[in-house]
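Working notes, beginning with the structure itself.
The values are calculated or read from the model by the stated rules, or taken from the named source; none is laboratory data. The shown structure was predicted, so the numbers you read here are calculated from the model rather than taken from an experiment. Please note: Cβ atoms are built from the backbone with ideal geometry, for glycine as well, and neighbour counts cover all protein chains shown.
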């Protein structure tokens with residue numbers, strides 16, 4: 001409970017900080033909205049020369065895009081600002097200060113900051129999905145929606161694992177520079193359904209490189225095209241990955257001998 | 001234009017080569033990111049059900065996306081990010097004091113940066129070609145076609161530089177030009193320039209519009225030449241359109257630069 005209230009207070013502080021530059025804040029929301037629109041246009045343009053991609057038609061691709069943007073926006077709000085801050089922390093020595101505080105260091109480092117700039121994309125993604133429910137592309141079904149919730153949790157956990165991997169790397173290598181670009185590359189793999197890849201890569205993406213569970217699986221669940229077995233497989237994979245990455249992070253912190261100062 | 005008369009161009013170019021080599025780790029990560037998206041798109045196009053009017057087959061798509069990373073990086077321009085940063089952190093003040101035209105510096109930096117991308121682009125493209133070589137036809141390649149291809153890359157690079165440059169120079173008035181760049185440059189480039197969809201596979205009307213805009217010449221045009229699907233007349237027509245855009249935007253850039261410098265009062269230091 002105490003940990004949660006500390007995180008909430010830290011969030012409040014970052015929001016107040018962001019509000020000091022109100023014009024720039026509004027501007028970033030507009031910019032992110034344009035990003036969303038261009039992402040949407042990409043699919044529309046794509047379907048001028050194609051009828052369907054690996055069995056996914058344009059309406060179904062919009063569902064995939066909605067789910068993708070949901071995950072992307074949530075990552076951008078909750079994790080990304082912390083990733084950016086992490087590179088700085090190692091170089092400036094602030095990480096040492098943080099490690100001495102009587103609080104779970106992984107929790108604080110992961111969720112210290114919040115960025116509300118992607119709220120626009122989050123809202124638009126939900127509108128897009130809502131519209132697809134209204135049009136009957138997504139059929140409302142309690143069982144499916146519950147499964148969707150499970151698959152979304154696995155998806156967010158997997159993204160969190162990549163985040164943990166990157167910040168552990170930052171501690172080990174004592175620099176982060178443009179590692180966040182690696183995270184964006186991962187997202188590039190998720191924009192199109194997993195079914196487009198050749199067999200071997202597709203197999204990798206549902207086993208040891210679980211890229212498929214980030215957007216394709218939740219979207220297929222929403223469309224009622226996926227069985228529950230794959231959803232639970234993703235959940236188990238995600239849970240195992242979180243445990244492994246947490247262990248790795250603790251190892252990295254233990255071996256850390258401070259930099260900067 | 002006095003910027004072409006400046007002395008010491010080669011020395012400055014060599015210096016830029018060295019600066020960029022210092023950040024080779026970043027170059028690699030940046031490269032990975034730029035290589036990945038074309039691979040994803042190639043996979044997507046290989047698994048589509050085609051619309052009736054689409055002239056491309058699997059081998060066309062493979063050749064197209066084999067060349068996309070190459071052309072995309074060779075015509076790339078980072079002037080939007082570099083210039084707005086220079087205005088913000090005040091390094092533009094320093095550049096203005098040097099006995100060297102600042103805009104020429106950006107041109108040379110772009111040459112150094114893009115040329116060094118070849119270090120990983122060539123091995124990568126070759127490896128990818130080895131994988132798919134029995135599915136790609138290259139028998140139509142002639143020296144004249146390759147010459148056109150090379151010229152088209154240079155023309156595309158110049159077009160990208162002047163269009164991006166014109167937007168970058170708005171940094172004199174606007175603090176953040178990235179949105180402007182996304183709407184007027186990056187976004188349309190991806191949509192109609194041939195990134196997401198090869199321009200030749202568009203329906204008639206969209207293809208016509210794409211041919212009039214400058215973006216096709218920054219990416220799709222050199223690849224279309226290489227694939228041998230354009231007639232000589234079409235190639236010349238493309239060059240004329242592209243060069244008209246380059247001239248137009250060079251003039252615009254010059255006007256913005258002059259009026260921008262008058263309002264510029266330097267911040268940072």
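On the basis of being within 24 Å of residue B:142 (Cβ to Cβ) and either in contact with a helix residue (DSSP H, G or I) (Cβ under 9 Å, 6 or more places away or on another chain) or at pLDDT 95 or above (or both), does residue B:222 make the cut? It is true that residue B:222 is within 24 Å of residue B:142 (Cβ to Cβ) and either in contact with a helix residue (DSSP H, G or I) (Cβ under 9 Å, 6 or more places away or on another chain) or at pLDDT 95 or above (or both). Check residue A:172 against each of (1) farther than 19 Å from residue B:32 by Cβ; (2) at pLDDT 85 or above and name the one condition it does not meet. For residue A:172, the failing item is (2).
Listed conditions (1) part of a helix (DSSP H, G or I); (2) away from chain B (no Cβ under 11 Å); (3) modelled with pLDDT under 85 are all met by residue A:208, apart from (1). Across the stretch B:174-188, the number of residues qualifying as closer than 27 Å to residue B:89 by Cβ, in contact with a helix residue (DSSP H, G or I) (Cβ under 7 Å, 6 or more places away or on another chain) and touching a residue at least 24 places away in the same chain (Cβ under 8 Å) comes to 5. Just checking, does the stretch B:58-76 include any residue being at pLDDT below 85, more than 13 Å from chain A (Cβ to nearest Cβ) and farther than 30 Å from residue A:180 by Cβ? No - not one qualifying residue is present in the stretch B:58-76. Taking the stretch B:229-257 as the range and being touching a helix residue (DSSP H, G or I) at 6+ places or on another chain (Cβ under 7 Å) and under 13 Å from residue B:167 (Cα atoms) as the test, the residues that pass are B:249, B:250, B:252, B:253, B:256, B:257.
Applying the criterion of being more than 9 Å from every other protein chain (Cβ to nearest Cβ) and farther than 15 Å from residue A:119 by Cα to the residues of the stretch A:24-42, the residue that is nearest to the chain's Cα centre (by Cα) is A:39. For the residues A:76, A:46, the requirement of being within 8 Å of another protein chain (Cβ to nearest Cβ) and either under 27 Å from residue A:195 (Cβ atoms) or free of Cβ contacts under 8 Å to residues at least 24 places away in the same chain (or both) singles out A:46.
To keep it simple, each residue is scored yes or no on (1) at pLDDT below 90; (2) more than 16 Å from the chain's Cα centre (by Cα); (3) away from chain B (no Cβ under 14 Å).
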position	(1), (2), (3)
A:156	no, no, yes
A:176	yes, yes, no
A:200	yes, yes, no
A:222	no, yes, yes
A:227	yes, yes, yes
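Checked against (1) over 19 Å from residue B:37 (Cβ atoms); (2) in a helix (DSSP H, G or I); (3) away from every other protein chain (no Cβ under 14 Å), residue B:138 passes all but a single condition, namely (2).
Screening the candidates A:61, A:69 for the property of being part of a helix (DSSP H, G or I), at pLDDT 90 or above and either exposed (fewer than 15 other Cβ atoms within 10 Å of the Cβ) or more than 14 Å from every other protein chain (Cβ to nearest Cβ) (or both) yields one hit, A:69. None of B:224, B:234 is more than 14 Å from chain A (Cβ to nearest Cβ) and surrounded by 15 or more Cβ atoms within 10 Å (Cβ to Cβ) except B:224. Among (1) closer than 30 Å to residue A:22 by Cα; (2) away from chain A (no Cβ under 14 Å); (3) surrounded by 21 or more Cβ atoms within 10 Å (Cβ to Cβ), which single condition is residue B:177 missing? Here residue B:177 meets the rest and fails (2). Would you confirm whether any residue within the stretch B:186-206 is crowded, with 21+ Cβ neighbours inside 10 Å, more than 19 Å from the chain's Cα centre (by Cα) and within 12 Å of another protein chain (Cβ to nearest Cβ)? Yes, that holds for at least one residue.
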